[in-house]
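The values are calculated or read from the model by the stated rules, or taken from the named source; none is laboratory data. Small disclaimer: the values here were computed from a predicted structure and weren't measured. A quick note on method: Cβ atoms are made from the backbone with ideal geometry, for glycine too, and the neighbour counts reach across all protein chains shown.
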Amino acid sequence: MEKEKKRCTAIVLAAGRGSRMGSKVHKQYLDLLGKPVIYYSLHTFQESGIIDDIILVAGKGQTEYVRKEIVERYGFTKVSHITEGGKERYESVWEGLKVIRDRKDSDIAGYVFIHDSARPFVDENILKRGFAGVKEHHACVIAMPSKDTVKLADEKDFAASTPDRNKVWIVQTPQIFEISLIIEAYSKLMGEQCIQVTDDAMVVEQEMNLPVKLIEGTYENIKITTPEDLDLAEVFVKRVFGKMFPKS
Ligand code: CTP
Ligand code: MG
């Protein structure tokens, strides 16, 4: 008989400023075929049989906007907390982790799914693979094999080396961890000078010296970063969510 399922919390990051998008409205709130970008991943977590609750990390001064215009407007009842993020992504992650650490019904036996709100196309199959992965490996990240050859450059932008393409993966989110493990890793990190922390797996690799398993996502699970990503995202919304939201 299967043991009781451990609690799974999603941390959805929405405290970025979207500087590479260059839009007035932060990219996670831009309109994508009638709904804000952030809507789509929240919808998937809300409907998921794996995710129990959601912590939303919003920008400074934006928590009330997010509560009214996103959480209440679309009925995301699994959102249990809305908290303010920090200047860098890792600081926003830490704000979300502190909510888990300090919440009254604290249950550090569970798992956390850390997700970028700028990735609308996480789906239930990705969550299932990630959940299986974290149960087996303690720490895993969703990623895809690189389609392109990758070059490492030197300081003058000359190609310095070419990693074997079969070993190059492009990292996505969610990144999924045992809660106790990721809280310990981030606690260590926050006591140090942090430079160039771009994902959560790095923190576990560096601070805990633990291997992080790569689990297949999809090529649709893109991060909306620059304006052309929005055009691509429209195509994917029609394909992935089209059946769910027929044109009214
Ligand atoms: N993020 C965050 N807090 C930050 C920085 C980023 O919560 N201080 C979130 C963003 O909202 C986004 C995700 O982390 O959903 C991935 O980051 P990225 O794509 O870099 O978004 P931005 O930092 O907003 O964009 P840019 O780097 O172009 O400014
Ligand atoms: Mg950024």
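If only residues of the range 12-52 that are near ligand 1 (Cβ under 9 Å from one of its atoms) and hydrophobic (A, V, I, L, M, F, W, C) are counted, the one that is farthest from the chain's Cα centre (by Cα) is Met21. The one condition from (1) out of contact with any strand residue (DSSP E or B) (no Cβ under 8 Å at 6 or more places or on another chain); (2) more than 19 Å from Thr225 (Cα to Cα); (3) at pLDDT 90 or above that Lys147 does not meet is (2). Within this structure, Val37 passes the test of being under 25 Å from Glu234 (Cα atoms) and in contact with a Leu (Cβ under 8 Å, 6 or more places away or on another chain). Just one of the listed residues (Val66, Val57) is of a type outside the set (Asp, Glu), without any contact (Cβ under 8 Å) to a residue 60 or more places away in the chain and not in a strand (DSSP E or B), namely Val66.
Matching residues to (1) at pLDDT 95 or above; (2) of a type in the set (Gly, Ala, Ser); (3) touching a Lys or Arg at 6+ places or on another chain (Cβ under 8 Å); (4) surrounded by 14 or more Cβ atoms within 10 Å (Cβ to Cβ):
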residue: Arg67; (1), (2), (3), (4): yes, no, no, yes
residue: Ile82; (1), (2), (3), (4): yes, no, yes, yes
residue: Ser92; (1), (2), (3), (4): yes, yes, no, yes
residue: Val99; (1), (2), (3), (4): yes, no, no, yes
residue: Asp102; (1), (2), (3), (4): no, no, no, no
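Pairs linking a residue in the range 91-120 that is farther than 17 Å from Asp52 by Cβ and within 16 Å of ligand 1 (Cβ to nearest atom) to a residue that is among the acidic types (Asp, Glu) and at pLDDT 95 or above, with Cβ atoms under 7 Å and 6 or more positions apart or on different chains, are Glu95/Glu84. Mind checking which residues of the range 75-130 are of a type in the set (S, T, N, Q), more than 16 Å from ligand 2 (Cβ to nearest atom) and outside any helix (DSSP H, G or I)? Of everything in the range 75-130, those that are of a type in the set (S, T, N, Q), more than 16 Å from ligand 2 (Cβ to nearest atom) and outside any helix (DSSP H, G or I) turn out to be Thr77, Ser80, Thr83, Ser106. When Arg17 is tested against (1) more than 14 Å from ligand 2 (Cβ to nearest atom); (2) surrounded by fewer than 22 Cβ atoms within 10 Å (Cβ to Cβ), only condition (1) is not met. When Val240, Val204, Val235 are checked against the criterion of being modelled with pLDDT under 95, part of a helix (DSSP H, G or I) and more than 24 Å from Glu88 (Cα to Cα), Val240 stands alone in meeting it. Among the residues of the range 26-51, write down those that are within 16 Å of ligand 2 (Cβ to nearest atom) and either touching a His at 6+ places or on another chain (Cβ under 8 Å) or among the aliphatic types (A, V, I, L, M) (or both). Within the range 26-51, Leu30, Val37, Ile38 meet the criteria.
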